[in-house]
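Just below is one structure, and these are the notes that go with it.
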């Protein structure tokens, strides 16, 4: 159980039973259930049911919506459409059983997916000698993901539209403005640091001209969101999960690219823009995600250690770009 995050709240067995019956039938019963650890945003449960016999994952959206970024308030609703896109492009993804935003049972949205028998890529039991193969496969799947295009940059909506603009610069500005506003209101950074952050983006808006059509980026491709399983003597990616932070963006906004892992990049098949402008652009993207991350750790998750670590890292990036741009 998580007792720290300000936006995380458990529910009781009676509420879980109501949710399961609404998804299947009034005769459906719960055989077993447990809260899954690790998450600080959604509240997540593993559930086994009878009539029908199913293994499920139930994820419930956060409380305290006022602490969320605008795109976070609706992002669970985009998952059914996103996973259909994944499947259409042969990217392994969870199977959605039900998404509910009616609030008939809970005053929160929730989603039920089929359980996938697997472990996360950061699980200690995953054998490290298979990591390079998984990184290659992840590069292949990320390239497929980025091949999904839109006419607009921005955030997918539950009705399969895009909340954004035909200009990447407009979307970057919106993200930067919300970063600055929220971090200022909650004293995540000093006013001097926020002023420098804003100043950098004002001076460097040329970095964000449209370079190519908007690509679908996952925006959260780290090891806990990569499910893997053993197939015969090998390991394969079973699913890419938690795609609710996805957006249509410049493909190099995808932070998994920034490490330039050789196995991943071989699978991805497209090199990074290594020009001075390309390097500075990726540093700008790390500023956006770093300010966002520091806010999340301090305000949403109440994790002081992670907040300080993220803050120090992103301020080093800010100092670097202010001195060299």
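Where a number appears in this text, it was derived from the coordinates with a stated rule and is not lab data. What you are looking at is a predicted structure, and each value in this text was computed from that prediction instead of being measured. Note that each Cβ is placed from the backbone with ideal geometry, even for glycine, and that neighbours are counted across all protein chains shown.
Side notes on the structure shown:
- Translational diffusion coefficient (Stokes-Einstein; Kirkwood radius from C-alpha pairs) of segment 13-115 at 20 °C, 1.002 mPa s, in µm²/s: 148
- Residue with peak Gaussian network fluctuation, the chain [Cα springs, cutoff 10 Å], from 239, 23, 93: 23
- Per-residue ellipticity at 222 nm from helix content only, as computed over the chain with -39500 (n - 2.57) for each DSSP H run of at least four residues, stands at -11500 deg cm²/dmol.
- Highest-first arrangement of 315-324, 214-223, 163-172, where packing means the average Cβ count within 10 Å: 214-223, 163-172, 315-324
- The mean of 1/r over all distinct Cα pairs in segment 165-291, once inverted, gives the Kirkwood hydrodynamic radius of 16.4 Å.
- For segment 26-79, the spherically averaged projection of the C-alpha convex hull amounts to 4.9 nm².
- What the Kirkwood sum gives for the chain is a hydrodynamic radius of 21.0 Å, with every pair of different alpha carbons counted.
- Helix 13-23 vs. the chain, principal-axis angle (Cα, 0 to 90°, nearest 10): 90
- Helix 79-88 vs. the chain, principal-axis angle (Cα, 0 to 90°, nearest 10): 90
- In this simple spin-label approximation, residue 131 and residue 21 carry label points 7 Å from Cα along the Cα→Cβ vector, and these lie 4.8 nm apart.
- Expressed as a fraction of 2.2 N^0.38 Å, the C-alpha radius of gyration for segment 128-236 is 1.43.
- For peptides 9-21, 174-186, sequence by mean Cβ density within 10 Å, most packed first: 174-186, 9-21
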